[in-house]
1. Short version: ³J(HN,Hα) in whole Hz for each residue of segment 35-43, in order, from phi by Karplus 6.51 cos²θ - 1.76 cosθ + 1.60 (θ = phi - 60°), x for Gly and Pro, what are they?
2. Quick one: divide the alpha-carbon radius of gyration of segment 170-212 by 2.2 N^0.38 Å and tell me what you get.
3. With an 8 Å Cα cut-off and a minimum separation of 6 or more residues, compute the relative contact order for the chain in percent.
4. Enumerate by residue number the GluC sites (Glu not before Pro) in segment 20-103 meeting two conditions: DSSP loop (anything except H, G, I, E, B), and at most 15 other Cβ atoms within 10 Å of the site's Cβ.
5. Debye sum, Cα scatterers, segment 1-90, no solvent: what log₁₀ I/I(0) at q = 0.10, 0.14, 0.23 1/Å?
6. Using +1 at the C-beta of Lys and Arg and -1 at the C-beta of Asp and Glu, which of Ser34, Val78, Ala161 has the Cα lying farthest in the positive direction of the dipole of the chain?
7. Between Glu87 and Thr43, how many nm apart are label points set 7 Å from Cα along the C-beta direction?
8. Nearest 10 degrees is fine. How inclined is helix 106-117 to the longest principal axis of the chain, computing both from alpha carbons?
Amino acid sequence: MKILIVDDDPIVAQSLATILSAETDIEVAGIGASGEEAVRLFTELAPDILLMDIRMPGGSGLEAAEEILAAHDRARIVFLTTFSDDEYIVRALQMGARGYLIKQDIAQIAPALRSVMAGVCVLEGQVMERSTIMAPTQAVTHQRNTIFARLTDREYEVVEAVAQGLDNAQVAERLFMSEGTVRNHISTVLAKTGLRNRTQVAVAWYRSELPN
């Protein structure tokens with residue numbers, strides 16, 4: 001498989017290239033350092049997978065992904081992230097990214113890329129079916145991760161809607177409740193789970209759907 005690596009840190013980019021090039025089934029087709037370069041190199045090199053940092057100067061990874069996916073809707077894009085990037089992850093998944101990998105988990109990257117080539121998505125190196133990521137409202141509520149175990153069924157429905165990227169008004173319309181009730185449910189969810197905001201709730205939901 002041909003991989004394009006884009007990261008504004010040249011040490012990270014070169015280290016990834018060296019490690020991945022050692023794999024017999026991986027060819028590093030090119031290296032870029034910005035979102036603008038990602039768009040240009042993707043068009044020039046037609047890689048099987050674009051492995052890209054989310055936050056970069058000269059055009060973020062998210063902006064580059066939007067442009068690439070608009071022109072190549074089947075493009076396989078996997079984001080590199082750190083634990084502090086939660087606010088970007090949900091948007092990345094919803095736009096059609098095939099997943100995200102933690103930069104520090106080097107050993108997980110090559111196996112994760114093979115999974116992506118096989119047609120599935122990966123979150124933090126763990127395989128998740130693409131249909132599960134893109135349709136959170138179809139989740140089976142009785143298979144709850146421990147972090148959501150204390151929620152009522154109604155609270156969990158709110159979590160699923162939030163994970164789909166709905167705002168309070170849209171959640172209220174979908175679940176036939178007032179916006180005030182939605183806000184109350186979200187406050188209760190945060191209190192019960194110890195999460196800080198709705199973005200962390202959404203990311204935790206995606207992670208809860210990973211197979212054990």
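Nothing in this text is a laboratory measurement; each read-out follows from the coordinates by a stated rule. Bear in mind the structure is a predicted one, so any value in this text is a computation, not a measurement. Every residue, glycine among them, receives a Cβ derived from its backbone with ideal geometry; neighbour counts consider all protein chains shown.
1. Rounded to whole hertz, the list is x, 4, 5, 4, 5, 5, 5, 4, 5.
2. 1.28
3. On the way: 330 pairs, mean separation 30.6, N = 212.
Rounded, it is 14 percent for the chain.
4. Hits after loop and neighbour filter: nothing returned.
5. So the normalised log intensities work out to -0.22, -0.43, -1.15.
6. Comparing the listed Cα positions along the dipole, Ala161 ranks first.
7. 3.1 nm
8. Helix 106-117 sits roughly 80 degrees off the main axis of the chain.
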